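> Dumping the structure here so I can ask a few things about it.
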Amino acid sequence: MKNIFPTILLIASIWLSFAYTKAGYNDIGVLQVKKEDYNKALSDAKLVQVTRDDLIKKYESFSPENQSRLAVLLPDYVDTAKWLLNIQTIAYGYGLSLSEIKLSAPAVIKTPVSSGDVDAQAALARALPVYTNTEVTFNVDGSYHNFILFLHDIEDSLELIDTTVIKIKPDENISDFNHFTVTARTYWLPQKNTP
């Protein structure tokens, strides 16, 4: 009988220490997984930083003229009043009139990452800035020939503009006079903090 009480205490102490340490082991396992995730994120961030530095060096190797052309092609922001003024100036040059101009809210587009990307490319894609676009819908009145010339001038401009929808409605009273409804999209990079 003397041995039963110490044996029960020994078994109880082993059970208590096992229950207490098991919770600690579970916490250690969770922390090790987090550590691996943080190390992976850190290595991905280093790769992104090296790639960013390479891209900055390439950008700085461009001539100032090419840098300014690139800024026009894909600016940090879009001055919608200036953009519409440019479109209106081109239209007036061909005797066309613009009306009913409607701007949509800017849409933020994230950089897509395909499932076949390796981890480093996926990290780079996540770090790349998203781009933003705005759709503009406006009506143009004039001849078909002048409208085509107008579209060619928009296409040849340095600004990145996609014409997504064109609707044509001929005027029943005047020959060779049409009402066009155009939806165009322009793009820009969002403001970013540079290091």
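Residue-wise test of (1) free of Cβ contacts under 8 Å to residues at least 40 places away in the same chain; (2) part of a helix (DSSP H, G or I); (3) aromatic (Phe, Trp, Tyr).
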position: Ser13; (1), (2), (3): yes, yes, no
position: Tyr20; (1), (2), (3): yes, yes, yes
position: Tyr25; (1), (2), (3): yes, yes, yes
position: Ile28; (1), (2), (3): yes, yes, no
position: Lys40; (1), (2), (3): no, yes, no
position: Asp44; (1), (2), (3): no, yes, no
position: Leu47; (1), (2), (3): no, yes, no
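> State which residue pairs qualify: first residue over 19 Å from Glu135 (Cβ atoms) and at pLDDT 75 or above and inside the stretch 74-100, second residue assigned to a helix (DSSP H, G or I) and among the polar types (S, T, N, Q) in any location, beta carbons under 8 Å apart, and separation of 6 or more residues or different chains.
Close Cβ pairs (under 8 Å, with a partner that is assigned to a helix (DSSP H, G or I) and among the polar types (S, T, N, Q)) amount to Tyr94/Asn146; Gly95/Asn146; Leu96/Asn146.
> Now for a different question. Mind checking which residues of the stretch 143-165 are among the aliphatic types (A, V, I, L, M) and touching a helix residue (DSSP H, G or I) at 6+ places or on another chain (Cβ under 8 Å)?
If the condition is that a residue be among the aliphatic types (A, V, I, L, M) and touching a helix residue (DSSP H, G or I) at 6+ places or on another chain (Cβ under 8 Å), then Ile154, Leu158, Leu160, Ile161 are the ones that fit.
The values are calculated or read from the model by the stated rules, or taken from the named source; none is laboratory data. Everything quoted here is computed from the prediction, not taken from an experiment. Cβ coordinates were reconstructed from backbone atoms using ideal geometry, including for glycine residues, and neighbour counts include every protein chain displayed.
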